[in-house]
């Protein structure tokens, strides 16, 4: 059974937006024998839920998220993300 702290590290890396720490945590989890399903369900999704909560409560702003997306993925993906938000 995997150490529970690995799931906390996965979640914390998502919340912090730290790609490098996230990749290390994923590699460590895989090395410990954690399944991809558990990595997503028990680690990443809790971090994504927290980011969503912070966004709802305006702790994270749309501008911050767009800037991070721009830096990581480029302008095309910011446009895609914004167009998805504007669909009614």
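Computed from the coordinates by the stated procedures, all read-outs in this text should not be read as laboratory data. Since we're looking at a predicted model, the values are computed, not measured. With ideal geometry, Cβ positions are generated from the backbone for all residues, glycine too; neighbour counts draw on all protein chains shown.
Counting only residues that are part of a helix (DSSP H, G or I) and within 19 Å of residue 68 (Cα to Cα), segment 1-44 holds 13 of them.
Do you know which residues across segment 20-37 are out of contact with any helix residue (DSSP H, G or I) (no Cβ under 6 Å at 6 or more places or on another chain) and surrounded by 17 or more Cβ atoms within 10 Å (Cβ to Cβ)? Answer for segment 20-37, where residues must be out of contact with any helix residue (DSSP H, G or I) (no Cβ under 6 Å at 6 or more places or on another chain) and surrounded by 17 or more Cβ atoms within 10 Å (Cβ to Cβ): 26, 34.
Filtered by the rule that a residue be under 12 Å from the mean Cα position of the chain (by Cα) and either more than 18 Å from residue 55 (Cβ to Cβ) or surrounded by 15 or more Cβ atoms within 10 Å (Cβ to Cβ) (or both), segment 1-19 gives 9, 10, 11, 12, 13, 14, 15, 17, 19.
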